[in-house]
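The values are calculated or read from the model by the stated rules, or taken from the named source; none is laboratory data. Small disclaimer: the values here were computed from a predicted structure and weren't measured. Note that each Cβ is placed from the backbone with ideal geometry, even for glycine, and that neighbours are counted across all protein chains shown.
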């Protein structure tokens with residue numbers, strides 16, 4: 001028979017390889033979703049030369065006080081002080097977000113933040129803490145203006161609530177403090193991180209737009225690569241045909257599928273350790 005054309009020969013695709021898993025076959029198959037994700041994390045690390053840590057949450061899963069401890073646990077399995085943090089989150093508790101960023105500062109020398117799809121609200125604050133944010137065509141950040149959830153489920157910007165004289169005094173005070181708290185945290189993060197070489201006025205200009213209800217007119221507004229660049233943030237665009245982006249997007253699709261298929265609310269993972277939280 002004539003030799004197969006080189007391009008028609010079966011090519012080895014992830015996760016095929018020569019190594020047999022060290023785990024027992026039945027245990028490996030039971031945990032195969034996690035092991036396949038970790039194999040791909042290892043492939044991405046080989047491409048970037050940096051450890052990769054994943055924090056992935058479904059849309060209805062807010063950042064809370066279990067997350068900093070989980071992240072710290074995963075980071076204990078990472079060697080080296082320069083890490084890529086892959087995040088997917090709708091946002092959440094500001095105090096928990098501050099603690100999470102504090103753990104990153106204490107454990108790492110520097111970190112880049114990878115946003116394959118969305119890191120909104122407090123998730124954007126985490127992204128701002130990195131030395132650089134890696135974004136692709138599907139990626140979005142968002143405004144960081146705090147929201148108050150009313151009895152009807154409607155989210156009201158705390159900035160608007162604090163200025164509404166029809167509201168009880170204590171509600172206006174609490175809303176005003178929430179706005180000041182978020183702006184103070186974001187200012188500190190930017191001055192210590194990606195905008196540390198910028199003047200105070202330039203940093204405050206960025207905050208005036210992203211932390212005010214008047215900035216983007218919607219808490220869900222999309223801040224994509226072009227918009228983030230125009231704000232003066234340290235961002236890098238990964239094109240759809242970029243090899244790193246293709247692997248990152250495949251990893252995102254694995255997390256998106258696995259969390260939904262297995263009723264997992266949040267996953268925090270590296271190549272060594274893994275923690276899953278149910279919905």
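Which of the residues spanning segment 106-117 are in contact with a helix residue (DSSP H, G or I) (Cβ under 8 Å, 6 or more places away or on another chain) and within 17 Å of residue 79 (Cα to Cα)? Working first, answer last.
In the first step, residues of segment 106-117 are kept if they are in contact with a helix residue (DSSP H, G or I) (Cβ under 8 Å, 6 or more places away or on another chain); the result is 107-108, 111, 113-117.
Within segment 106-117, 107, 108, 111 qualify.
For segment 106-125, a residue qualifies if it is touching a residue at least 60 places away in the same chain (Cβ under 8 Å), within 9 Å of the chain's Cα centre (by Cα) and not in a loop (DSSP other than H, G, I, E, B), and the qualifying residues are 114, 123, 124. Tell me which residues, restricted to segment 35-57, are more than 22 Å from residue 118 (Cα to Cα) and in a helix (DSSP H, G or I). Residues satisfying the conditions are 35, 36, 39, 42, 43, 46, 47.
So if I check each of 220, 270, which one is in contact (Cβ under 8 Å) with a residue 12 or more places away in the chain and surrounded by fewer than 16 Cβ atoms within 10 Å (Cβ to Cβ)? It would help to see each step written out before you state the result.
Working: 270 fails: surrounded by fewer than 16 Cβ atoms within 10 Å (Cβ to Cβ).
Result: 220 is the single residue among 220, 270 that is in contact (Cβ under 8 Å) with a residue 12 or more places away in the chain and surrounded by fewer than 16 Cβ atoms within 10 Å (Cβ to Cβ).
Might you check whether a residue that is assigned by TED's automatic domain parsing to the domain that holds residue 231, touching a helix residue (DSSP H, G or I) at 6+ places or on another chain (Cβ under 9 Å), in a loop (DSSP other than H, G, I, E, B) and under 19 Å from residue 255 (Cβ atoms) occurs anywhere in segment 95-103?
Among the residues of segment 95-103, not one is assigned by TED's automatic domain parsing to the domain that holds residue 231, touching a helix residue (DSSP H, G or I) at 6+ places or on another chain (Cβ under 9 Å), in a loop (DSSP other than H, G, I, E, B) and under 19 Å from residue 255 (Cβ atoms), which makes the answer no.
Restricting attention to segment 235-272, which residues are within 20 Å of residue 129 (Cβ to Cβ) and either out of contact with any helix residue (DSSP H, G or I) (no Cβ under 6 Å at 6 or more places or on another chain) or modelled with pLDDT under 95 (or both)? Correct list: 236, 248, 266, 269.
Within segment 230-237, identify whether any single residue is in a helix (DSSP H, G or I) and not assigned by TED's automatic domain parsing to the domain that holds residue 162, and answer yes or no.
The answer is yes; a qualifying residue exists.
With respect to (1) assigned by TED's automatic domain parsing to the domain that holds residue 252; (2) crowded, with 22+ Cβ neighbours inside 10 Å, the lone exception for residue 158 is condition (1). Looking across segment 126-148, the residues that are assigned to a loop (DSSP other than H, G, I, E, B) and closer than 22 Å to residue 77 by Cα come down to 129, 130, 131.
Scanning for something modelled with pLDDT of 90 or more, in the same structural domain as residue 251 (by TED's automatic domain parsing) and more than 30 Å from residue 97 (Cβ to Cβ), does segment 44-67 turn up at least one residue? Scanning segment 44-67 turns up at least one residue that is modelled with pLDDT of 90 or more, in the same structural domain as residue 251 (by TED's automatic domain parsing) and more than 30 Å from residue 97 (Cβ to Cβ).
Can you name the residue in segment 149-183 that is in contact with a strand residue (DSSP E or B) (Cβ under 7 Å, 6 or more places away or on another chain) and outside any helix (DSSP H, G or I) and, of all such residues, is nearest to residue 93 (Cα to Cα)? Among those that are in contact with a strand residue (DSSP E or B) (Cβ under 7 Å, 6 or more places away or on another chain) and outside any helix (DSSP H, G or I), it is 149.
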